[in-house]
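**Student:** One structure follows; several queries about it will come next.
What follows is calculated from the coordinates using simple rules that are stated; it is not laboratory data. Please read these numbers as outputs of a predicted model, since none were measured by experiment. Counting neighbours? That spans all protein chains shown, and the Cβs are built from the backbone with ideal geometry, glycine included.
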Amino acid sequence: MKEFKQFINGKFVKSTSSEMIKILNPCTEEVISLVPTGSVSDANEALDAAKNAQHAWKSLTAIERAGYLNKMATVIRENRVFLAETLASEQAKVMGLAQVEIDVTADYFDYNAGWARRIEGEIIQSDRKKEHIFLHKAPIGVAVGILPWNFPFFVMARKIAPSLVTGNTCIINPSSVAPNTVMEFAQLIEKVGIPAGVLNFVCGKGSIVGNALSKSPITGIISLTGSVGAGQKVMEAASINITKVSLELGGKAPAIVCADADIDLAVKAVVDSRIIFSGQVCNCAERAYVEASIYDEFMDKVTKRMSALKVEDAFSENNPDMSSMVSKDQIDKVEEMVEFAKKEGAEVLVGGKRSARFDKGYFYQPTLLTNVTQNMQIIQEEVFGPVLPVMKFGDLDEAIALANDCEFGLTSSIFSENYNKVMYACDELEFGETYVNREHFEAIQGFHAGWKKSGLGGADGKHGMEEYLQTKVIYAQYR
Ligand code: NAD
């Protein structure tokens, strides 16, 4: 069984805490690895290492720093199947999707490396004679990236790539639920030859390691992807030193299906989006609003599609649609929410319980709910599982009001062939992303950012990279 160590200051070191966390394969419930619980002193060691390495790192040219990112992309591609298998085994992501995550991660490093020659400042006209006002973009210093378990490898790159290319050093704290693929990447870093201290990996609980990293005066920016609760804790810790935060938090994405939509396309997109990775995705469609005149047809087609989904072991060669949920905690939560919805009057059209086909693992059936109302928990709170509640609406204004009536504002979608309706909805929906006539899934060159409780700041593209830059103004008077 694999036993991981911390990666601090260019070396694999044991944690000062001797306790280890057992990582399970969710499909089989077998222990597959041990990772350190991590300690405050591990976090402090990494902070010192990152601080000490930062000046030399920022003094390299951007294109030299980008060279390391390109090498990271190369080692990922050289190990793509091994990394996908590691990912599939630690979190029950079906192999096809696990492979996509690994491949997109390699692309993400290359994409960010491409920004090296494009990071630009500005020159502003001065009110004084013989003066230039220069707007410089400088690295902030030490960047801390705290990861969720659901897309640990990709989100790792979301933190590392923009921070390093802009001249920050970086500390990664992977989730204790699924740290293996990230820690395997740490082992590949040796091949990249990145200078010691520039990139560090400290395992351990958020409440201990994440908290120590967040409240340190050394930290320049904390980028967290996780739940609203973790975001609030990070903001609290960051407030001690007024440290910058970038938060990618939960979602409750609505999908609006209008009567003039291509119904087959909408059915496919909504179901695919809802059940990808067993529904454990922040941006996937979590509730559907369907125009009354097509409701019956839509429900009939969704029922057929959801009933036909293949739920298998993540390594099945049967091309499964989904697999086990990540943990007992997650399946317990989903089960509890569905049971509560039933008590509140929801009717189960498909699924609605754990799968009885498996002796081991945390398999929940794809679940379709009707007879739900806007004030129910299942419509208002994030359900991180393959559960789709569907409601009817009368007109588009009503659908938009229902969609916006939520504390989250991450993603949303609309299905309609009417350009005017679509543009109107895009203007009115209070979400960081709106997908038109397609499933929910963002592009690496876009900007992934939530409104309301879904987050602060954002990731990806030019604007995501700018999060890691401090703007400095220089008033240059000459004679
Ligand atoms: P989580 O909040 O349980 O944990 C996320 C990370 O925060 C973990 O690494 C955890 O150790 C850390 N953490 C917890 N408490 C902390 C503290 N006090 N200080 C510092 N760090 C702390 O979330 P999760 O269960 O891993 O992931 C699922 C959640 O993440 C869902 O709500 C999902 O919507 C969200 N998510 C959002 C996005 C996005 O881009 N908006 C992407 C993926 C997941």
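**Student:** Taking all pairs of distinct Cα atoms, average 1/r, flip it, and tell me the Kirkwood hydrodynamic radius of the stretch 37-95 in Å to one decimal place. Present the calculation step by step, with values, prior to reporting the outcome.
**Tutor:** On the way: mean 1/r = 0.0688 Å⁻¹.
One over the average 1/r among Cα pairs gives 14.5 Å for the stretch 37-95.
**Student:** Can you give the angle from 0 to 90° between the axis of helix 328-343 and the longest principal axis of the chain, with both taken from C-alpha atoms, to the nearest 10?
**Tutor:** So the helix axis and the longest Cα principal axis differ by about 40 degrees.
**Student:** Let me ask another. Residues with amide H under 5 Å of Val350's amide H, sequence separation 5 or more or different chain, H placed in the peptide plane at 1.01 Å from N; which?
**Tutor:** Sorted by chain and number, the residues that satisfy this are Leu368.
**Student:** I want the local charge near Pro152. Using Cβ-Cβ distances under 14 Å, sum +1 for each Lys or Arg and -1 for each Asp or Glu among the other residues.
**Tutor:** -1
**Student:** To continue, here is another question. Of all DSSP beta bridges located in the chain, what percent are antiparallel, nearest 5?
**Tutor:** The antiparallel proportion sits near 45 percent.
**Student:** Expressed as an acute angle from 0 to 90° and rounded to the nearest 10, what is the orientation of the C-alpha long axis of helix 152-165 relative to the principal long axis of the chain?
**Tutor:** 30 degrees
**Student:** What's the long-distance tail for the chain, i.e. % of Cα pairs beyond 37 Å?
**Tutor:** Roughly 29 percent, once rounded to a whole number.
**Student:** Under the 0.36 nm per residue contour assumption, what length would be gained going from the current alpha-carbon distance of Lys310 and Asn371 to full extension?
**Tutor:** 19.4 nm
**Student:** According to the Cα gyration tensor, what semi-axes, each the square root of 5 times an eigenvalue, does the equivalent ellipsoid of the stretch 290-367 have, listed from largest to smallest in whole Å?
**Tutor:** 25, 18, 9
**Student:** Suppose every K and R has +1 on its Cβ and every D and E has -1 on its Cβ; what is the size of the dipole of the stretch 211-293 about the Cα centre, in Debye to the nearest 20?
**Tutor:** Dipole about the Cα centre, nearest 20: 540 debye.
**Student:** Can you pull a Stokes-Einstein diffusion coefficient for the stretch 136-239 at 10 °C (1.306 mPa s), Rh from Kirkwood over Cα pairs, as a whole number of µm²/s?
**Tutor:** Details: Rh = 13.8 Å.
The calculation lands on 115 µm²/s.
**Student:** Once you have the Cα-Cα distance between Met20 and Lys58, take 0.36 nm times their residue separation minus that, and quote the gain in nm to one decimal.
**Tutor:** Using 0.36 nm per residue and subtracting the Cα-Cα distance, I get 10.2 nm.
**Student:** Now, a different point. Would you list, by chain and number, the aspartates and glutamates whose Cα falls below 18 Å from the Cα of Lys310, excluding same-chain residues fewer than 8 positions away?
**Tutor:** Candidates past the 8-residue exclusion: Asp272, Asp321, Asp359.
**Student:** Let me ask something else about it. Less than 12 Å Cβ to Cβ from Ile76, Lys/Arg counted +1 and Asp/Glu -1: what total charge do the surrounding residues give? Before the final figure, lay out each step's value.
**Tutor:** On the way: positive: Lys71, Arg77, Arg80, Lys191; negative: Glu78, Glu101, Asp103, Asp107, Asp110, Glu184.
Here the count lands on -2.
**Student:** Would you list which aspartates and glutamates come within 14 Å of Lys14, measuring only between C-alpha atoms, while excluding same-chain residues fewer than 8 positions from it?
**Tutor:** The qualifying aspartates and glutamates are Glu3, Asp42, Glu45.
**Student:** Further, regarding this structure: Dipole of the chain, Cα-centred, from +1 at each Lys and Arg C-beta and -1 at each Asp and Glu C-beta, to the nearest 20 debye?
**Tutor:** Details: 49 positive and 61 negative charges, 427 e Å.
Dipole about the Cα centre, nearest 20: 2040 debye.
**Student:** Between the helical axis of 419-428 and the dominant principal axis of the chain, each derived from Cα atoms, what acute angle in degrees is found, rounded to the nearest 10?
**Tutor:** 60 degrees
**Student:** What does DSSP give for the stretch 253-443 in terms of the percent of beta bridges that are antiparallel, rounded to the nearest 5?
**Tutor:** Values: 4 of 24 bridges.
Rounded to the nearest five, the antiparallel share is 15 percent.
**Student:** Turning to a different aspect of this structure: What number comes out for the charge environment of Val104, summing +1 per Lys or Arg and -1 per Asp or Glu over other residues with Cβ under 14 Å away?
**Tutor:** Residues near Val104 contribute -2 overall.
**Student:** Work out, step by step, the length gained on full extension between Leu135 and Lys2: first 0.36 nm times the residue separation, then minus their alpha carbon distance; give nm to one decimal.
**Tutor:** Gain in length upon complete extension: 43.0 nm.
**Student:** Can you find, among Ile331, Ser316, Pro389, the residue farthest towards the positive end of the dipole of the stretch 253-443? Put +1 on the C-beta of Lys and Arg, -1 on that of Asp and Glu.
**Tutor:** Ser316
**Student:** If you don't mind, there's one more thing I want to ask. Checking a compactness column here: for the stretch 1-48, what do you get for Rg(Cα) / (2.2 N^0.38 Å), N being the number of residues?
**Tutor:** Working it through for the stretch 1-48, the quotient is 1.29.
**Student:** Past the 32 Å Cα-Cα mark, which pairs from Lys233/Lys333; Lys342/Lys452; Lys137/Lys421; Lys5/Lys93? Don't skip to the answer; put the middle values down first.
**Tutor:** Details: Lys233/Lys333 21 Å; Lys342/Lys452 28 Å; Lys137/Lys421 40 Å; Lys5/Lys93 24 Å.
The pairs that break the limit, which is 32 Å between Cα atoms, are Lys137/Lys421.
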